[in-house]
Amino acid sequence: FMKMKARNICVEKAIELKDKVVEKIVDRELKRQEKDPNYEITYTFKDLNCVKDHLDQINITLDLIKAPPEEYTTRMYISGLEEEI
């Protein structure tokens, strides 16, 4: 039961971080468009890779939960993503 609860907490945190990154990217582009109506909104590979990293984190978290407790290091991965924001 505790393992499932920990998994849910970690997945929720990874999703929350992903949502923050997406919101930050979209807000940045919308602000640029507000300043210049002719500005065409674009998303760079860096933007897309950042979001992909967070989506990958959700999968990694799910895989780590299946591992034995001594290999369970999800918090380390989640902390790494927090530093990206």
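List the number of the failed condition for K13; all other conditions in (1) among the basic types (K, R); (2) surrounded by fewer than 13 Cβ atoms within 10 Å (Cβ to Cβ); (3) modelled with pLDDT of 80 or more; (4) within 22 Å of N59 (Cα to Cα) hold. Condition not satisfied by K13: (2).
Results for (1) surrounded by 11 or more Cβ atoms within 10 Å (Cβ to Cβ); (2) at pLDDT below 55; (3) over 17 Å from the mean Cα position of the chain (by Cα), shown as yes or no for each residue.
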| position | (1), (2), (3) |
| --- | --- |
| E40 | no, no, yes |
| D47 | yes, no, no |
| K52 | yes, no, no |
| I78 | yes, yes, no |
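Contact annotation: residue pairs with Cβ atoms under 6 Å, 6 or more positions apart or on different chains, pairing a residue in the range 29-43 that is of a type in the set (S, T, Y) with a partner that is at pLDDT 90 or above, are Y39/R32; Y39/Q33. Residues of the range 17-38 that are exposed (fewer than 12 other Cβ atoms within 10 Å of the Cβ) and either acidic (D, E) or not in a helix (DSSP H, G or I) (or both): E23, D27, E34, D36, P37, N38.
The values are calculated or read from the model by the stated rules, or taken from the named source; none is laboratory data. Worth saying up front: this structure is predicted, and the values here are computed from it rather than measured. Every residue, glycine as well, gets a Cβ built from its backbone with ideal geometry; the counts of neighbours run over all protein chains shown.
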